[in-house]
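> This structure is in structure tokens; I'll ask about it shortly.
The values are calculated or read from the model by the stated rules, or taken from the named source; none is laboratory data. Predicted model, so just to flag it, every value in this text is computed and none were measured. Methodologically, a virtual Cβ is constructed for each residue, glycine included, from the backbone with ideal geometry; neighbour enumeration extends over all protein chains shown. Side chains are part of the model used for accessible areas, which takes the heavy atoms of the whole protein and leaves out ligands, DNA and RNA. Shrake-Rupley method; radii C 1.70, N 1.55, O 1.52, S 1.80 Å.
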Amino acid sequence: MLRLSTLVCELGGELMGDDLSIERLSPLETAEAGSLSFVSHARFAKLLNGSRASALIIPPSLADQALQRGSCIVVDDVYHYFARLTQFWKKQISVAAPSGIHATAVIDPTASLAEGVSIGPFVHVGQGVRIAQGARLDAHVTVQAQAVVGQDSHIHANVTVGERCIVGQRCIIHSGAVIGADGFGFAPYQGTWIKIEQLGAVRIGDDVEIGANTCIDRGALDDTVIENGVKLDNLVQIGHNVHIGAHSALAGCAGVAGSAHIGAHCTVGGGAVVLGHLKLADHVHISAASVVTRSLLKPGQYSGVFPIDDNASWEKNAATLKQLHALRDRIKRLEQP
Amino acid sequence: MLRLSTLVCELGGELMGDDLSIERLSPLETAEAGSLSFVSHARFAKLLNGSRASALIIPPSLADQALQRGSCIVVDDVYHYFARLTQFWKKQISVAAPSGIHATAVIDPTASLAEGVSIGPFVHVGQGVRIAQGARLDAHVTVQAQAVVGQDSHIHANVTVGERCIVGQRCIIHSGAVIGADGFGFAPYQGTWIKIEQLGAVRIGDDVEIGANTCIDRGALDDTVIENGVKLDNLVQIGHNVHIGAHSALAGCAGVAGSAHIGAHCTVGGGAVVLGHLKLADHVHISAASVVTRSLLKPGQYSGVFPIDDNASWEKNAATLKQLHALRDRIKRLEQP
Amino acid sequence: MLRLSTLVCELGGELMGDDLSIERLSPLETAEAGSLSFVSHARFAKLLNGSRASALIIPPSLADQALQRGSCIVVDDVYHYFARLTQFWKKQISVAAPSGIHATAVIDPTASLAEGVSIGPFVHVGQGVRIAQGARLDAHVTVQAQAVVGQDSHIHANVTVGERCIVGQRCIIHSGAVIGADGFGFAPYQGTWIKIEQLGAVRIGDDVEIGANTCIDRGALDDTVIENGVKLDNLVQIGHNVHIGAHSALAGCAGVAGSAHIGAHCTVGGGAVVLGHLKLADHVHISAASVVTRSLLKPGQYSGVFPIDDNASWEKNAATLKQLHALRDRIKRLEQP
């Protein structure tokens, strides 16, 4: 329970109306008495009056309308304010991780752990590992030899950080993620595959978030690189020697094959695939489930998905698609005088 | 080894022919002496005589034919009977998990564990967690603060159940699944991403099965909800605030983006993607690898997959596809008188 | 640091030029003084002179050119030589896993562990398990009852090997992989799903490599089978009763549905999906992200991906695609005299 004035004091904005106590943050549609909600744009003005929220965060353009129904906090960038509010709120409600090293953790004597780290049950920290100040390793985390976890990074339960991999500062790695498994490299030889040992590592910048069960492979010779501020959702696959530029974001189930180079400020939609050795310029945006089969050197939005349809229609169109090139030739012939 | 009469006594059905001893359950094609197999429909009648199974489970329409070759159990719904038989069989052959709490498990003193729970090696149970009667947690399971595991649920090795998440009764969660990682929520701000803390949880109903390495994210403000009887295969991604209606089933590698609402009794094929904020009515069926880009409000089967072809043909048709709109215009012009 | 003559002595090839000391293996583009690089084909001859590598591995056709710039090792199959070189190099730089059983591991008294095994912290080995000579189980590995791990196999951190599953010799299973979760089998019954217990196991041959967070389900009645020399990348899903023939390779995020039979020497590209019960002949190659919806009984390359385009063009072509069958009819009408 927090007062609106406390929030304004902490996060800024202008409080209009009564200084109410807030019990929870809610979406506009499911808000109830005690809820604080937000309306990010004037175009959602219609939804204001239908909501049961006790208070609203709104842009200046909605102030008059919102004030008629009750208290509000007026801010210029509502969504950004809301993001900061969730961070503040979480700090209030979270139980802090106990600082120190759990009695069951196995820490190699050559590892170096800064003060103020939090190491959970059954954590294994290998030879020569460095864990910086304020870092938190939850239960069952494995950090292998010579790896580094930067200041204030939070490694959730069951994560594996492989040998020599480097995690920057303020990173969040969710449960089950695997950093630094071997890249998929084999030389074909007389009908079999000869393993190419993966001698590189993974270097992860600062403020990177990595989703649950996501995999980032170590490089073959050089390292796989994830730059500052990159956000990867769950179940994402990053192949060896991929380079992802700063502040790019990849949604769930996306896959990036080996040696692809994704620029800065890119977005890749859920389930999209980027083939190996391709280059995406900065500010390239790939729609969900699209397959990138060539380098994309101009910023912009790119798509390639078969449109969904009722099954009977799809079957007809898909069958015809296999004759498309022939149909084109028939059109050509028809066009001849 | 079980006698046919034991099965009939336990599961019903009519035994015809000798009361044989059965050593194993087998598919019709690989059955040998000692095998019990099943034929679910009369249209598979041809396969009967070729099988070496000692006994068969069959529908009434095949009774005469089957009896000529040996013993059989006649039942109305063969496939349902077979499912129950596998359950009975498993009980006979399985070693029961030892009840009690393994000496290595770390259980927070504020957690409440009912009698008859089975807690494996290296399990970590956090503050205020409740584990109901008959629940089983295999090795390396992590259940975080305030989470609940319902009666007779079985959490396999290496699963993470996050803070405040609720698992219903008789659920099965396979190894490596992550329940309650943060949803993928960020506010864009001056070229970077500001984290929106995910304050909701995950609520899972009764009789839900969740596959290996599947991820279900916690909600941003409200909860992510999986209703009773839902079945999720392996490596499925469920985004924050998704709602999946009762008895829907999603096959492997399917992905459902944030705030999508899938109705009851739906099926989603392997590798299919449902984009965010969409609504699927009850009894909607999505073919494998299709991408749902709009709400589907009528029951039915929907598809959208590029048909596979030999590579040379595909290349021609795919290249032509990029001119399809132009081809349509050329057809229009040809149609003009 | 190794001398070129040491490499030639160990791996073969002809040393031409000075016997330099090598500090690292590098790609041609990022090589520096002290680097050993390789050029696999004469068609890359142009890149030779631009590289700062101290020495090169080259085919005989490039020997004259290469020697002008410095030392080189001449071999017939450069890529195969390079693969073997990475293996040799890794042995030099790796810290050997400590042999023996870590004090925290929980080993069932009925399990049988050969001499020379390496068992890491928090490993759990269940009833009747057999671990063969030279096998290595990293931290947090779970091997369930009656499972077998073959000689010299390396099971990385956090892997689960389920009951009765068999892993062959010299296998590598990367972190988070789940071998032997239940297949996805249910009988529909009055609007609900009745579980079909999965009574089979998983049998993995020799020299198989399995990627991080990959899942291989146990069979329903018979076993799921992965033959010798198969390579699976990360986040791959293998359904129950799938059979993968020797030396086939599946790239990241590929999914193979239940009872599919993939031949020997096949390749499946990243994100591709093979539907259930299909058969792929030996030497079938599936392009990335393609969906196999029918059996492919002839060797060859097969593809089926919607070509990516700028979003505006894609929208036009995708919309038109939904009228493709109708367009075909219009072409037919135009063709009528």
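> Here are B:Val230, B:Val274, B:Val284: which of them is more than 8 Å from every other protein chain (Cβ to nearest Cβ), more than 30 Å from A:Asp329 (Cα to Cα), open to solvent by less than 10 Å² (accessible area, probe 1.4 Å) and in contact with a Ser or Thr (Cβ under 7 Å, 6 or more places away or on another chain)?
B:Val230
> Now, a different point. Among the numbered criteria (1) of a type in the set (A, V, I, L, M, F, W, C); (2) open to solvent by less than 10 Å² (accessible area, probe 1.4 Å); (3) more than 21 Å from B:Glu197 (Cα to Cα), which single criterion is violated by A:Leu250?
(3)
> Also: Identify the residue in segment C:287-299 that is assigned to a loop (DSSP other than H, G, I, E, B) and hydrophobic (A, V, I, L, M, F, W, C) and, among all such residues, is most open to solvent (accessible area, probe 1.4 Å).
By that ranking, first place goes to C:Leu297.
> Would you be able to say whether some residue in segment C:178-198 is within 19 Å of C:His124 (Cα to Cα) and either within 14 Å of chain A (Cβ to nearest Cβ) or among the basic types (Lys, Arg) (or both)?
yes
> I'd like to verify a number: residues in segment A:88-123 that are of a type in the set (S, T, N, Q), at pLDDT below 95 and within 11 Å of A:Ala135 (Cα to Cα), how many?
1
Per-residue answers, yes or no, for (1) touching a Pro at 6+ places or on another chain (Cβ under 7 Å); (2) touching a residue at least 60 places away in the same chain (Cβ under 8 Å); (3) farther than 22 Å from C:Val292 by Cα:
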position: B:Thr267; (1), (2), (3): no, no, no
position: B:Ala281; (1), (2), (3): yes, no, yes
position: B:Val291; (1), (2), (3): no, no, no
position: B:Gly304; (1), (2), (3): yes, no, no
position: B:Asn311; (1), (2), (3): no, no, no
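> With the requirement that a residue be open to solvent by 60 Å² or more (accessible area, probe 1.4 Å) and in contact with a Gly (Cβ under 7 Å, 6 or more places away or on another chain), what does segment B:6-30 give you? Talk me through it step by step, then tell me what you get.
Taking segment B:6-30 as the starting set, the residues that turn out to be open to solvent by 60 Å² or more (accessible area, probe 1.4 Å) are B:9-10, B:14, B:18, B:23-24, B:29-30.
Answer for segment B:6-30, where residues must be open to solvent by 60 Å² or more (accessible area, probe 1.4 Å) and in contact with a Gly (Cβ under 7 Å, 6 or more places away or on another chain): B:Glu23, B:Arg24.
> I'd like the full set of residues that are under 16 Å from the mean Cα position of the chain (by Cα) and of a type in the set (A, V, I, L, M, F, W, C), limited to segment B:274-290. I'd like the intermediate steps shown before the answer.
We begin by selecting, within segment B:274-290, every residue under 16 Å from the mean Cα position of the chain (by Cα); these are B:285-288.
Within segment B:274-290, B:Ile286, B:Ala288 qualify.
> Here's something else I'd like to know. Anything in segment A:65-83 that is surrounded by fewer than 20 Cβ atoms within 10 Å (Cβ to Cβ), within 14 Å of chain B (Cβ to nearest Cβ) and not in a helix (DSSP H, G or I)? List them, or say none.
Filtering segment A:65-83 down to residues surrounded by fewer than 20 Cβ atoms within 10 Å (Cβ to Cβ) leaves A:65, A:67-71, A:76-77, A:79-80.
Next cut, within 14 Å of chain B (Cβ to nearest Cβ) only: A:76-77, A:79-80.
Selection gives A:Asp76, A:Asp77.
> Considering only segment C:102-122, state which residues are open to solvent by 20 Å² or more (accessible area, probe 1.4 Å) and outside any loop (DSSP other than H, G, I, E, B).
Result: C:Val106, C:Ile107, C:Ser112, C:Leu113.
> Next question. Count, please, the residues in segment B:199-209 that happen to be surrounded by fewer than 24 Cβ atoms within 10 Å (Cβ to Cβ) and closer than 21 Å to B:Leu235 by Cβ.
Number satisfying all stated conditions: 1.
> Report the residue count in segment A:256-271 for those that are assigned to a strand (DSSP E or B) and either open to solvent by less than 10 Å² (accessible area, probe 1.4 Å) or hydrophobic (A, V, I, L, M, F, W, C) (or both).
3
> Do the conditions hold for A:Leu62, that is, is it surrounded by 14 or more Cβ atoms within 10 Å (Cβ to Cβ), in a strand (DSSP E or B) and more than 14 Å from chain B (Cβ to nearest Cβ)? Give the derivation first.
Values: surrounded by 14 or more Cβ atoms within 10 Å (Cβ to Cβ): yes; in a strand (DSSP E or B): no; more than 14 Å from chain B (Cβ to nearest Cβ): yes.
In short, no.
> Can you go through C:Asn228, C:Asn241 and tell me which one is assigned by TED's automatic domain parsing to the domain that holds C:Glu163, at positive phi and not in a helix (DSSP H, G or I)?
Criteria check complete, one pass: C:Asn241.
> Further, regarding this structure: Restricting to segment B:316-329, what's the tally of residues that are within 7 Å of another protein chain (Cβ to nearest Cβ), open to solvent by 50 Å² or more (accessible area, probe 1.4 Å) and in a helix (DSSP H, G or I)?
1
> Something else now. Which residues, taken from segment A:124-146, are out of contact with any His (no Cβ under 6 Å at 6 or more places or on another chain), outside any loop (DSSP other than H, G, I, E, B) and either over 17 Å from A:Gly200 (Cα atoms) or among the acidic types (Asp, Glu) (or both)?
A:His124, A:Val125, A:Arg130, A:Ile131, A:Leu137
> Hey, among the residues in segment B:84-101 that are outside any loop (DSSP other than H, G, I, E, B) and either of a type in the set (D, E, K, R) or over 21 Å from the mean Cα position of the chain (by Cα) (or both), which one's surrounded by the most Cβ atoms within 10 Å (Cβ to Cβ)?
B:Arg84
> Considering every residue within segment A:89-112, establish whether at least one is within 12 Å of chain B (Cβ to nearest Cβ), touching a Ser or Thr at 6+ places or on another chain (Cβ under 8 Å) and under 30 Å from A:Leu199 (Cα atoms).
Among the residues of segment A:89-112, at least one is within 12 Å of chain B (Cβ to nearest Cβ), touching a Ser or Thr at 6+ places or on another chain (Cβ under 8 Å) and under 30 Å from A:Leu199 (Cα atoms), which makes the answer yes.
> Would you mind stating whether B:Ala246 is farther than 20 Å from C:Ala254 by Cα, free of Cβ contacts under 8 Å to residues at least 12 places away in the same chain and more than 7 Å from chain A (Cβ to nearest Cβ)?
Criteria not met by B:Ala246.
This table checks each residue for (1) at negative phi; (2) without any contact (Cβ under 8 Å) to a residue 12 or more places away in the chain.
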{"site": "B:Gly120", "(1), (2)": "yes, no"}
{"site": "B:Gln127", "(1), (2)": "yes, no"}
{"site": "B:Asp152", "(1), (2)": "no, no"}
{"site": "B:Ser175", "(1), (2)": "yes, no"}
{"site": "B:Gly183", "(1), (2)": "yes, no"}
{"site": "B:Gly191", "(1), (2)": "no, yes"}
{"site": "B:Ile194", "(1), (2)": "yes, yes"}
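> What is the one condition in (1) open to solvent by less than 10 Å² (accessible area, probe 1.4 Å); (2) closer than 30 Å to A:Tyr79 by Cα that B:Ala212 does not satisfy?
Condition not satisfied by B:Ala212: (2).
> Residue check: is C:Gly304 crowded, with 21+ Cβ neighbours inside 10 Å and in contact with a Leu (Cβ under 8 Å, 6 or more places away or on another chain)?
no
> Let me ask another. Quick check on segment C:121-142: of everything there that is more than 16 Å from A:Val159 (Cα to Cα) and of a type outside the set (A, V, I, L, M), which residue is farthest from the other protein chains (Cβ to nearest Cβ)?
Residue satisfying both the conditions and the ranking: C:Gln133.
> Right, something else. Could you grab me the full set of residues in segment A:1-46 that are hydroxyl-bearing (Ser, Thr, Tyr) and at pLDDT below 95?
Going residue by residue through segment A:1-46, those that are hydroxyl-bearing (Ser, Thr, Tyr) are A:5-6, A:21, A:26, A:30, A:35, A:37, A:40.
Once the filter is applied, which keeps residues that are hydroxyl-bearing (Ser, Thr, Tyr) and at pLDDT below 95, segment A:1-46 yields A:Thr30, A:Ser40.
> Give, as residue ranges, the strands (runs of 3 or more DSSP E) completely inside segment A:149-195 that count at least 2 residues that are surrounded by fewer than 19 Cβ atoms within 10 Å (Cβ to Cβ), among the aliphatic types (A, V, I, L, M) and over 20 Å from the mean Cα position of the chain (by Cα). Before you say what the answer is, go through the steps one by one.
Working: elements: A:178-181, A:186-189, A:192-195.
Where strands (runs of 3 or more DSSP E) fall fully within segment A:149-195, none carries at least 2 residues being surrounded by fewer than 19 Cβ atoms within 10 Å (Cβ to Cβ), among the aliphatic types (A, V, I, L, M) and over 20 Å from the mean Cα position of the chain (by Cα).
> Moving on to the next point. All but one of (1) touching an Asp or Glu at 6+ places or on another chain (Cβ under 8 Å); (2) small (Gly, Ala, Ser); (3) within 12 Å of chain B (Cβ to nearest Cβ) hold for A:Gly269; state the number of the condition that does not hold.
Looking at each condition in turn, A:Gly269 falls short on (1).
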